[in-house]
1. Please name all residue pairs, on different chains or six or more residues apart, with Cβ atoms under 6 Å, provided the first residue is in region 104-125 and is over 30 Å from Ala181 (Cβ atoms) and exposed (fewer than 14 other Cβ atoms within 10 Å of the Cβ) and the second residue is at pLDDT 95 or above and of a type outside the set (Val, Ile, Thr).
2. Look at region 1-51 and say how many of its residues are surrounded by 12 or more Cβ atoms within 10 Å (Cβ to Cβ), of a type in the set (S, T, N, Q) and modelled with pLDDT under 95.
3. Could you check region 157-179 and list, in sequence order, the residues that are crowded, with 20+ Cβ neighbours inside 10 Å and over 20 Å from Arg121 (Cβ atoms)?
4. Restricting the search to region 189-199, which residues are closer than 19 Å to Leu70 by Cα and either surrounded by fewer than 24 Cβ atoms within 10 Å (Cβ to Cβ) or of a type in the set (A, V, I, L, M) (or both)?
5. Return the residue satisfying two criteria in turn: it lies in region 188-236 and is hydroxyl-bearing (Ser, Thr, Tyr) and more than 14 Å from the chain's Cα centre (by Cα), and of such residues it is nearest to Tyr165 (Cα to Cα).
6. Residues being part of a strand (DSSP E or B) and either out of contact with any Gly (no Cβ under 7 Å at 6 or more places or on another chain) or hydroxyl-bearing (Ser, Thr, Tyr) (or both): count how many of those fall in region 134-177.
7. Kindly indicate whether any position in region 102-115 is of a type outside the set (Phe, Trp, Tyr), touching an Asp or Glu at 6+ places or on another chain (Cβ under 9 Å), part of a helix (DSSP H, G or I) and at pLDDT 95 or above.
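The values are calculated or read from the model by the stated rules, or taken from the named source; none is laboratory data. These numbers come from a predicted model, not from an experiment. Quick reminder, even Gly has a Cβ in these numbers, built from the backbone with ideal geometry, and neighbours come from all protein chains shown.
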Amino acid sequence: MASSHNADQQLPVRVLGGPTAAFEYGGLRFLTDPTFDGPGDYQNPGRPLLTKTAPAAAQPAELGRIDVVLLSHDEHADNLDRSGRDLLADVALTLTTTGGARRLGGTAKGLGDWEQVTVDRPDGGTVTVTGVPAIHGPGKREEVEPFTGQVTGFVLTGEGLPTVYVSGDNASLEAVGEIAARFAPVDTAVLFAGAPRIPVLFDGAPLVLDSAQAAEAARLLDARRVVTVHHDSWAHFTEGRDEIVAAFDAAGLADRLV
């Protein structure tokens, strides 16, 4: 699969708050985990109460056309909220977990590990999106999923395009290693970080990468540049921008962090 890994190709990523980011790739416009509701308390059935502390940097109407939503999972209010769900109705394709696609219906398509879908580019050619492993907490998937549900990450590739990894809510460096074995070096890694902790889950261990693990993930992937999301705007995120910068500094990877 052809992919280029050179420094002159910039992939601007617009970070909108929480796990939500927008970017253009191969002429297609992608959006990750859409969350646009205002600050307040949110609770999905059977899930812990989550408190949003800041509004999104932009609203859907300001983003223009979105071709594909990359939804790491649908079950948590900090990854898909009410306005995010409304947005999905207007998007031609939402890629998510196999269970999430069943729950959402509509244009949602589930991707298992290493399963691929190709999306036509406006100028001809295609973008390939590969579903990649993600585990939403410490431990093995079968131990974690009963508590936090199924999650997927994504790798984007295309002829003459840089390789892009979107981690989703993943806490497993082992999963990152498997992805790196197939796709490294990665041009741009969009890493969900923030070390979110919920005291009743896994003795308060991080449910997504902490800052030091995000730096290690960047090293494993040999990522040329890293955009971190999912470290602000929610009360259960325990590490923010400062901790991430410090961790990349300590790992000697400060130049990779956007």
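1. So the pair list comes out as Pro122/Gly27; Asp123/Gly27.
2. Of the residues in region 1-51, 4 are surrounded by 12 or more Cβ atoms within 10 Å (Cβ to Cβ), of a type in the set (S, T, N, Q) and modelled with pLDDT under 95.
3. Hits for region 157-179 are Ser167, Gly168, Asp169, Asn170, Ala171, Ser172, Ala175, Val176, Ile179.
4. Across region 189-199, the qualifying residues are Ala189, Val190, Leu191, Ala193.
5. Step by step, filter region 188-236, then rank; the result is Ser211.
6. 7
7. yes
Rundown of residues vs (1) among the charged types (D, E, K, R); (2) assigned to a strand (DSSP E or B), yes/no style:
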{"residue": "Glu24", "(1), (2)": "yes, yes"}
{"residue": "Thr35", "(1), (2)": "no, no"}
{"residue": "Pro45", "(1), (2)": "no, no"}
{"residue": "His73", "(1), (2)": "no, no"}
{"residue": "Asp86", "(1), (2)": "yes, no"}
